[in-house]
Structure formats: structure tokens, C-alpha cells
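Below is one structure; the comments refer to it alone.
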Amino acid sequence: MKVIKKFEIKRIGIMNEKGIANKKLMPRLSKEDIKRLYELMIITRVFDSKAIALQRQGRLGTYAPTLGQEATIIGSSYALKRSDWIIPSFRENGMFIHRNYPIDMLFQFWAGNEAGMSKVKEVNMLPVAIPVGTQLLHAVGLAFASKFKNENNVFMACFSDGATSTGDFHEAMNLASVYKLPVIFLCQNNQYAISTPLSKQTGSETIAQKAIAYGFEGIQVDGNDVFAVYSAVKYAAEKARKSNPILIECLTYRLGDHTTSDDASKYRTEKEVSFWRSKDPIDRLRIYMQKNKLTAKEYEKKVLEDAEKIIEDAVAKAESIKLNPEDIFMHTYDELSNNLKEQLREFRKNVKS
Amino acid sequence: MSNLNMVEAINLALKQEMEKNKDIVLLGEDIGINGGVFRVTEGLYKKFPNRVVDTPISESGIIGMSIGMAIYGLKPVAEIQFEGFTYPALDQLISHAARFRNRTRNNMTASLVLRSPWGGGVKALEHHSESPETYFAHTPGLKVVIPSCPYDAKGLLISAIRDKNPVIFLEPKKLYRSIKQDVPEEEYAIPIGKANILSEGSDLTLITYGSFVRTVIPIINSLPYSIELIDLRTLSPIDYETIINSVKKTGRAIILHEAPRTLGIGAEISALIMENALLNLEAPVLRVTGYDVVTPALKLEDYYRPDEAKIKRAIERVMNF
Ligand SMILES: Cc1ncc(C[n+]2csc(CCOP(=O)(O)OP(=O)(O)O)c2C)c(N)n1
């Protein structure tokens, strides 16, 4: 008997909880870049807390919080080119914001208006995908088409640990490998799928190693370390651009509830949550910046106030939008069929009376 | 003009559209060198090596990928090897292909074509003789087309490929090689959403689609009644105007299909007639369909599919009501 295959999984961490970064591993980022990362993480968090508050007041529908995952969300997005594509699941609001997607439209979306997703093409993103895992196949199709057209774009497909148990995840990984497609599979491993912990989701020690079975590289990253996430995705994008799919597992933690309809205290202890709170990705970056004289109290205050202003303005704009109820008919097909024309006439009568 | 069977007519439509539109990509299991298990894509891989793509056995993957390809500007024409294997792809069809346009308010669309052999009467294994058309037709956002002859297959497939919406194109495998017809060499499009009146009549409207269109023609010719035969061609969106106008004239209607009866296309058409032509009716609207049972395997299949006697009995019942 002989060993015909061995594998190893690398884990990347650059900056620890004390804000000390490993100089050798530190990616090339200017002071401006680092500040921008900080500002984007802050606005992601401000968006998040505003969304939760609005939901509590009945001004938004069910919302999926992103508290604690900002380094993964922003670090990965920041490593891509604007011509690259992002295929989100439902916890990537910060990526939309980074790509200058109109924030009022994000609020419109979460308030239950489809029109909130009507400009996604302009920022090279797909709309929020709710059926877990299904969007990964769309990423494969986009990448296939892009390669077919001899372009050089990369497609970052976002999902979380729960999605790795779906069939579509496995089909997508396999197809990306068979056709050698420029896809980055970006797993935000926040360790829970609603109440289901990672240990009940998979028997694998890491999610990263699932890539090995499909014939490509998988890396685990400290998902609360924005420099590590950025570095890993930068590396992944280079590989993907040369037609090598790759899986990046960002190990992070969902500090909030699964959604605004969930109560996470039912299935996890305060001790566990506070352990992860001490690894907060924004605190970590802030300490690093303080140590390296990239920030001052003034600056931090201004960043927060600016973000709050932007978010408040976006909410006001979103809430001023009037919906046209007839829109429910207008986009089922490119044109109204006779059948739908008839139903629209009936609808108009009902709405009037 | 050449004399073609349905396989050849579909092959010709694919070839001609691919020559014209470089964005068309075919994908599916064994469709490349092998030409598909029914040989529908025979020779196309040789002619368009980069545009005829063999896939792993991943039906959800084939359709999920097609959605991404369509959004990125290609025109994917996916083959699902048998209709019984469209089920793993239902999630992608229902949750995504049918919805991208609405979800993004027209910013993105997944205008793909899903082609698949369909229906029974060929003595095949389980899963290879199914009639799943209602699942698709019940899904807003999808169109569903079923041709009944080589000429229609070419013209309808061309329309399906040019359509801006996802289209499910179901090919009656019983008719793949059993009839030949003169099919024009040049391209032509048969509109989706329009039924075809195959013979005019004044006593009874017989509505069907797919292979049963061929089954009923000799039956109609053998009976002393004036029967109007409507080939639906498209199940969604359904051409209710043609149906209603016909029933208003004849006062009698029978809907014939192989799929199970309950909540089948026949139920929908029957309801349409009740809502729009009740006072014109001389007899109850009848459905002649498969039973509400699992499609039997080949040994007992003939007991399931409506046969000549059953169809004739229904016609007599309606005519002598
Ligand atoms: C196919 C499917 N099944 C069930 C659900 C309901 N659901 C919504 S989110 C979720 C958990 C998802 O977990 P994970 O993939 O880890 O993502 P996370 O919520 O942690 O970001 C479930 C079960 C769904 N949206 N899609």
C-alpha cells in the first residue's frame, strides 16, 4: 500500500487582537487604503444597526445582521477589481456599499421592494440570493460566459458555512473545476446556520479542505483580520484570473442574531459570544491604526458621524419612494401575455373599488 | 424543403440559429461528440467545438449555470437528458430562472432555453416517460412549449431561442422519428403563445398537444362529427382566445393529455371555458387524461395512456349528451 495523495490546509492570520501585524505578511496597502478599509467597515456597521432599529420600528422587513463579519465582507471586496463580479448571498451589504450601490436602494430592498435590486448590473453584482447555496451556480455560469468571451474577470461567489451542505455548492465547486473557471468561492464561516453549529453542519475539520476533493486550493483565513482576508482574496484573485478556482474560508463569527426574527440566546452562551466580541474586527483594526498613528479621536468621530449622516440620508430617500402596485405584473415576462393583461384589468378594478 | 423527422428538424433549427447568433451555447450531458442520447445535437460539436459543451451529471448545475450565462449575455440552450431528470433543476428554474427579471425589476434576465425529451408511449424505464409540464406551466415567469410535428418543432424552437424569457421546450420523444414532414430549409418562426387550429369543425372542440395531436387525427377522420382540432403548441402563456372562440362556436369541448388529471392543463382549460363560454355549452367539458397515479413502467404503460377507445367514448358521450 502506498500513499497516493496527501493534503495540507494553510491558515492565514496577519494581525492579532492586540492590533499587532506580522510585518512579513502584511499586504501592500497605503495609509489611505487602510483608512478606507476602516471607513467601509464602520459604515457597514452603521448600516447594520440602523437596519435592525428600523426593523424594530416596523419600517423594514426581516433583516439579516452582519455585526462581527465586517473584516470578511470589506477585506474581500476590497481585494477585487471593479471589473470583477460579486455574487452575494444575503449578508454582503457592505460589499454593495463598497461598490457605491445606492444605499437607499439597499434599504428599499430590505423594506420589501424589489426595485431595490434594480441596479445590480451597473456594479457587477447579482441581487441578494435567499435560497441557500443556489447562487454559487450562477457565479459559475457568469464565469463560464466571461471566459467564453476571452475576458479576464474574476467572480467572487459568497456563501456561508450552512451552504456547504447543499447540493448546489458541490455542483458549483465541481463545475468550476471541470471548466477551470475564474471563481473565488468565498465562505463567510460565521459558525452558525441559524441555530445549527458548524459541528452539526459538517464532519470536516475545515471548510477549506472541501476544495481539495474538487481539485483546487482551499485556504482558511482569520476572518476577523481584515489584512489577512484582503491578502488571501488578493492571492485568490490572481490565481482565479489564471483560470484556477479557489476556496477561501474566512473564519468569523456572527455576533448578532441570525435575522431580526431570531433569538440567538436560545442556542448559544453569553460566554461564547463575549469571547468572540473580544475579537471584534473593527476594534482590532482601530488598535492597529492607533499604534501606527493612522487615526486620532477626531478622525474616528468624523468617520462615524459621516457614516451616520450618509445612512440617515439614505433612509430618508428610501422612505420617500412611492411604489406602483401594478409593478407586480410588469416584470414577470418582457411583455404582458393576454392572460396577464386580463388579470391586470381585474386588478385595476379591485384596486379602485 | 427537405423531408425531415423531428430530431432532424430540431437539429437544423439549432444549427441555423447557432450560425446566426454566436452567443448561443449548447450544454448538457453527452451532447458533444455523442450528439445526445437521442442524437438531437448530432454533428453540432464538430461544427461549433467551443459552443457545444458536455457537462457532468448536474441538472441543477446545468440550469444554474445557464442562468449565469444568460445574465452575462450568452444564450444558453440546455439539454436535460430526460424529462424525469428536470426535477433536480426545478429549484433553479422556479426560484431563479423564472424570477430574475422580476427580482431585479428588469435589470437582469435569465432567458435560457431548456430542451428535454418528454412524454411516454416509447416503452421506457421509470423516469423516462413522464409528463411534468404542469410544474413548469404553473410557474409564473416560465414559458412552456410543446411541438407536435417536425415543422412546428423547427419554428417553435427558433422562437424559443429568440425569446427574451426562459422557455421550457418539451420534445415528444414518441414523435422524434415516427413521422416525417416537409420542412423548409430557410428559417421561420412560429409564435409562442398562439395555438394552432389543425382542422375546423362545428360540433366539438378537441384540445390537445404533443404526440396526441397525431393520435387523434385518424380518430377524428373516422367519426361522423365535425370536430375542430386545436394543437395548443404553447402551454404557457396559454392561448385562451383561440380556445374560447372555438368553444363558443362548437358548444362542446374535450381536453386530451397524458399527464395526470388533477390540476393538469385540462383542468385549467375547463375552468377557462366555464368562466367564458358557459352559456354556449351543449355538454359538460370533459378531460381525457392519464390517471392520478405514478406513471407506470413499460409493461403497464398502455393501461395508463388514453387510447383510441377511451377517446372515442368521450367524444360519443359529449356528442350524445
Ligand atoms: C435552501 C434553503 N433552505 C433553508 C433556508 C432558510 N434559511 C435561511 S438562512 C439559513 C441558514 C443559513 O446558514 P449559512 O449558510 O451558514 O448562512 P448564514 O445565515 O450563517 O450567513 C436557513 C436555514 C433557505 N434560505 N434556503
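Within 19 Å of A:L54 (Cα to Cα) and assigned to a loop (DSSP other than H, G, I, E, B): does that describe A:K322? For A:K322, the condition - within 19 Å of A:L54 (Cα to Cα) and assigned to a loop (DSSP other than H, G, I, E, B) - is met.
Name the residues in the stretch A:128-144 that are free of Cβ contacts under 8 Å to residues at least 40 places away in the same chain and surrounded by 24 or more Cβ atoms within 10 Å (Cβ to Cβ), would you? Explain how you work it out, then say what you get.
We begin by selecting, within the stretch A:128-144, every residue free of Cβ contacts under 8 Å to residues at least 40 places away in the same chain; these are A:131, A:133-134, A:137, A:141, A:144.
A:G133, A:T134, A:L137, A:G141, A:F144, listed by residue number.
Would you confirm whether or not the stretch A:65-74 contains a residue that is within 16 Å of the ligand (Cβ to nearest atom) and among the small types (G, A, S)? Yes, the conditions are met somewhere in the stretch A:65-74. Within the set A:D306, A:D313, A:D283, the sole residue that is away from the ligand (no atom under 16 Å from the Cβ), within 26 Å of A:I219 (Cβ to Cβ), in the same structural domain as A:S199 (by TED's automatic domain parsing) and at pLDDT 95 or above turns out to be A:D283. Scanning the stretch B:33-47 for residues that are open to solvent by 20 Å² or more (accessible area, probe 1.4 Å) and outside any helix (DSSP H, G or I) gives B:I33, B:N34, B:V37, B:F38, B:R39, B:E42, B:G43. Among the candidates A:T66, A:T62, A:T72, A:T44, the residue that is without any contact (Cβ under 8 Å) to a residue 60 or more places away in the chain and either in the same structural domain as A:W276 (by TED's automatic domain parsing) or buried (at least 21 other Cβ atoms within 10 Å of the Cβ) (or both) is uniquely A:T44. As for the stretch A:98-111, it holds no residue that is open to solvent by less than 20 Å² (accessible area, probe 1.4 Å), out of contact with any helix residue (DSSP H, G or I) (no Cβ under 6 Å at 6 or more places or on another chain) and in contact (Cβ under 8 Å) with a residue 24 or more places away in the chain. The residue that is nearest to the ligand (Cβ to nearest atom), among those in the stretch A:112-122 that are assigned to a helix (DSSP H, G or I) and open to solvent by 20 Å² or more (accessible area, probe 1.4 Å), is A:E114.
Which one is farthest from A:K81 (Cα to Cα), of the residues in the stretch A:168-216 that are of a type in the set (V, I, T) and near the ligand (Cβ under 8 Å from one of its atoms)?
Narrowing the stretch A:168-216 to residues of a type in the set (V, I, T): A:178, A:183-184, A:194, A:196, A:202, A:206-207, A:212.
So of that shortlist, the ones also near the ligand (Cβ under 8 Å from one of its atoms) come out as A:194, A:196.
Values: A:I194: 32, A:T196: 35 Å.
Selected residue: A:T196.
Scanning the stretch A:290-306 for residues that are open to solvent by less than 100 Å² (accessible area, probe 1.4 Å) and in contact with a Gly (Cβ under 6 Å, 6 or more places away or on another chain) turns up nothing. Annotation: of all residues in the stretch B:87-141 being at the interface with chain A (Cβ under 9 Å from one of its Cβ atoms) and on the phi > 0 side of the Ramachandran plot, the one that is surrounded by the fewest Cβ atoms within 10 Å (Cβ to Cβ) is B:N106.
Looking at the stretch B:168-200, which of its residues are within 14 Å of chain A (Cβ to nearest Cβ) and in a loop (DSSP other than H, G, I, E, B)?
Applying the first criterion (within 14 Å of chain A (Cβ to nearest Cβ)) to the stretch B:168-200 yields B:168, B:191-195.
Hits for the stretch B:168-200 are B:P191, B:I192, B:G193, B:K194, B:A195.
Of the set (1) of a type in the set (A, V, I, L, M, F, W, C); (2) within 30 Å of B:I192 (Cβ to Cβ); (3) within 21 Å of the chain's Cα centre (by Cα), all apply to B:V294 but (2). For first residues located in the stretch B:180-194 and at pLDDT 95 or above, partners that are hydroxyl-bearing (S, T, Y) and assigned to a loop (DSSP other than H, G, I, E, B) and lie 6+ apart or on another chain with Cβ distances below 9 Å form the pairs B:G193/A:S337. Open to solvent by less than 40 Å² (accessible area, probe 1.4 Å), touching a strand residue (DSSP E or B) at 6+ places or on another chain (Cβ under 9 Å), of a type outside the set (S, T, Y) and under 30 Å from B:N5 (Cβ atoms), is that true of B:G210? Yes, satisfied. Would you pick out the residues in the stretch A:127-167 that are within 10 Å of chain B (Cβ to nearest Cβ), away from the ligand (no atom under 16 Å from the Cβ) and among the aliphatic types (A, V, I, L, M)? Once the filter is applied, which keeps residues that are within 10 Å of chain B (Cβ to nearest Cβ), away from the ligand (no atom under 16 Å from the Cβ) and among the aliphatic types (A, V, I, L, M), the stretch A:127-167 yields A:V140, A:L142, A:A143, A:A145.
Taken together, the residues in the stretch B:48-81 that are touching a residue at least 40 places away in the same chain (Cβ under 8 Å) and assigned to a helix (DSSP H, G or I) amount to 5.
The values are calculated or read from the model by the stated rules, or taken from the named source; none is laboratory data. Being a predicted model, the structure only gives us computed values, none of them experimental. Neighbour counts are summed over all protein chains in view; Cβ atoms, including those assigned to glycine, are modelled from backbone coordinates with ideal geometry. For the accessible areas, the whole protein counts, side chains as well, though only heavy atoms, and no ligand, DNA or RNA atoms are used. Shrake-Rupley method; radii C 1.70, N 1.55, O 1.52, S 1.80 Å.
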